[in-house]
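So the structure is just underneath, and the comments pick up after that.
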Amino acid sequence: MPRGNELIRSSQRFEKNIARLQALAADAILIGTFGLMIEFLVVVFSCRRGPTGLLITSEEALGVLHYAWMAAGAVILAFAWNLFASWIGASPGRALIRGVPEWEREIDWTHTLRGWFTVLFIEMTFFSGWLITEVDLPSFFTKFSKASNIVHGLVHPSGAVLHQGLVLLVQTVFLAFMATAFAIPPAFALSFAAARNLTRSNRFSRLMYTAVRTGMNFTRAVEPLVWALIFISWVGIGPFAGVLALWVHSIAALTKLYSESVESIDPGPVEAITATGAGTLQILRYGVVPQIIPPYLSFTIYRWDINVRMSTIIGFVGGGGIGYILKPRVDLGEWGQVGTLVLLIAVTVWLMDLISAKIRERIV
Amino acid sequence: MSEGLAIRIEGLGKVFDGRIRALSGIDLEVREREFLVVLGLSGSGKSTLLRCINRLIDPTEGRIWIFGEEITAAKGAQLRRLRRQIAMIFQQFNIVRRHSAVTNVLSGTLGRASLLPSLFLKFPQSEQERAVAALERVGLGGRERHRADTLSGGQQQRVAIARALLQEPKLILADEPVASLDPALRHSVMRHIEALNKDEGLTVVCSLHDVDLVRRYATRVVALRDGHLVWQGRPHDLNRDTYKEIYGTEAEPATNATI
């Protein structure tokens, strides 16, 4: 079938061109970032004393950089590097996306432009990072006294909120449990659609894979805090809003973890069941499901553990649980009571961690 | 299509990922009740050939007929119906490790089982009785409820043979069925496959490494080298020269003793 071979060749060409474009894009991003970091350092050091004698803040310095020009320059330089790669060596983007050509692998990094670029890039990142986050070691080492009353409160917990704290702690644990439990069925169903090894067969399944993966990545990228705000206006302040917020985030996270364990199964039983003439659902039930039950249980317990931690923050905005009474105490500066609540959370998280580790050890 | 032909292969070729050629220009006919052994080095295309026959791998060139029906053109329900006639035995056994021996054997009936009960691991009483009998036949009576991963390698492969038996196939594909077993256990597994061939009248296509086994069980031999069919003949026609042709001169010293 010559037609098949032609299709294969053209798809190969297509993939190679895609890889070239990706390498070019990676180069442009790296070179652009490099240029911006240099400009940032120049701006900060040249403006060290402004007219008022004040230092420029990192936000101001970042605000005056020439992003558009740098991007344009970076694209041109990326093109040039890839064009003249046979003289100056492979570009970092090429090394990342397609790997370095055979003849360049033996060359020591100190003898390549790419090597020097990488080293300088890492150093620049650290220096600019230091200035962008305004690292201030003197304050860190000399001004502890300003925080001493908070620390004092934390280590002298007050008993005033102990009862209420314990009650809400129970709510927190159940909130996390319900969010996890509700997330299992949808995540279980979606995990098969989001596993690469099960979605190669036809166009529809490949499309489904991309759709589910993209949707889940997007959902996971949105903080649970934001989901909490959405659900608080939807169902009102209280633990149920917290359950829903953690539920959405858990579906996305569990789908990812589940589908990765589907991807790492032994393909042997799947082959064997397929060979009996079984249908898709039967292949999943016999070839896939028995292999993924232990990792699924382990990931689910791990997720419950994470949800307990997250529900504290969810409570801050009104999603129920212990976080709900923590926020006003922080605002009022009741550090003793804050200390009690923080201690309760810490002990619970520590216990959950311990128990879930034990159970996971048992299962796997 | 002539009567009595189990498999007919015409111009079969397979290219993986558009780059790696595993098979080219294979023409082969297998008659019913034959015990055909496929010889060849690892990577010569034996596994790919077997998997093309039941479409676990889709060929890129050529056509294959199973008992006169073209499997390379089959889709969906028709493909599953054709696969039901072809049981497969694997080098790594490929049984479901967390299921019991009897559930593994019953999974051979999935091609004809009704969907919903099978998803809950439920099978008709008659099938269950047949599964127990099949396990007894391969010498695993009384181990029905043992979890598959508690069984030894030889026992696991016999569970796989019982599974193939319950599939009620007309054709058996065996991909290096004894390569991961102790040499001492090889005959016990091969004898069960031989019984399927002789007593049940099933056609067997089996890839093997060991020339002793080939001589003992095969009725006909074909050899693959770099994806090409390089030799075919009777098992007793295998001699030093044909062996060199199949395996190349470099492989000779290691296997000298068996020739």
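The values are calculated or read from the model by the stated rules, or taken from the named source; none is laboratory data. The structure presented is a predicted model; accordingly, all values stated were derived computationally and were not measured. Note that we place each Cβ from the backbone using ideal geometry, even for glycine, and neighbour counts take in every protein chain shown.
I need a count of the residues in segment B:89-98 that are within 22 Å of the chain's Cα centre (by Cα), at negative phi and facing chain A (nearest Cβ under 8 Å).
5
Within segment A:78-101, which residues are surrounded by 18 or more Cβ atoms within 10 Å (Cβ to Cβ) and over 18 Å from A:N17 (Cα atoms)?
Within segment A:78-101, just A:G89 meets the criteria.
For B:R98, are the conditions met, namely being within 23 Å of B:E144 (Cα to Cα) and part of a loop (DSSP other than H, G, I, E, B)?
When the stated conditions are applied, B:R98 passes them.
Quick one: is A:R196 assigned by TED's automatic domain parsing to the domain that holds A:P328, touching a helix residue (DSSP H, G or I) at 6+ places or on another chain (Cβ under 8 Å), more than 30 Å from A:Y324 (Cα to Cα) and surrounded by fewer than 16 Cβ atoms within 10 Å (Cβ to Cβ)?
So A:R196 fits the description; yes.
Quick check on my filter: what residues within segment B:103-153 are at the interface with chain A (Cβ under 10 Å from one of its Cβ atoms), surrounded by 12 or more Cβ atoms within 10 Å (Cβ to Cβ) and not in a helix (DSSP H, G or I)?
B:L110, B:G111, B:R112, B:A113, B:L121
Would you pick out the residues in segment A:215-242 that are touching a Lys or Arg at 6+ places or on another chain (Cβ under 8 Å) and crowded, with 21+ Cβ neighbours inside 10 Å?
Once the filter is applied, which keeps residues that are touching a Lys or Arg at 6+ places or on another chain (Cβ under 8 Å) and crowded, with 21+ Cβ neighbours inside 10 Å, segment A:215-242 yields only A:M216.
Does B:L56 qualify as being closer than 13 Å to B:I9 by Cβ, within 11 Å of chain A (Cβ to nearest Cβ) and not in a strand (DSSP E or B)?
Criteria not met by B:L56.
May I ask you to list the residues in segment A:85-129 that are among the polar types (S, T, N, Q), at pLDDT below 90 and within 18 Å of A:G32 (Cβ to Cβ)?
A:S91
Search segment A:263-276 for residues that are facing chain B (nearest Cβ under 7 Å) and surrounded by fewer than 19 Cβ atoms within 10 Å (Cβ to Cβ) and pair each with any residue that is among the hydrophobic types (A, V, I, L, M, F, W, C) and part of a loop (DSSP other than H, G, I, E, B) when their beta-carbon atoms are under 9 Å apart and the residues are at least 6 apart or on different chains.
Short answer, once both residue conditions are applied: A:G268/B:F90; A:G268/B:F93; A:G268/B:I95.
Can you name the residue in segment A:277-318 that is among the hydrophobic types (A, V, I, L, M, F, W, C), in a helix (DSSP H, G or I) and within 14 Å of another protein chain (Cβ to nearest Cβ) and is also farthest from B:L106 (Cα to Cα) among such residues?
It comes out as A:L297.
Would you pick out the residues in segment B:60-88 that are at the interface with chain A (Cβ under 9 Å from one of its Cβ atoms) and either within 24 Å of B:E144 (Cβ to Cβ) or in contact (Cβ under 8 Å) with a residue 40 or more places away in the chain (or both)?
Answer for segment B:60-88, where residues must be at the interface with chain A (Cβ under 9 Å from one of its Cβ atoms) and either within 24 Å of B:E144 (Cβ to Cβ) or in contact (Cβ under 8 Å) with a residue 40 or more places away in the chain (or both): B:T60, B:E61, B:G62, B:R84, B:Q85, B:I86, B:A87, B:M88.
Which condition from (1) surrounded by 10 or more Cβ atoms within 10 Å (Cβ to Cβ); (2) closer than 23 Å to A:F45 by Cβ; (3) of a type outside the set (S, T, N, Q) is the one that A:D136 breaks?
So the condition that A:D136 fails would be (1).
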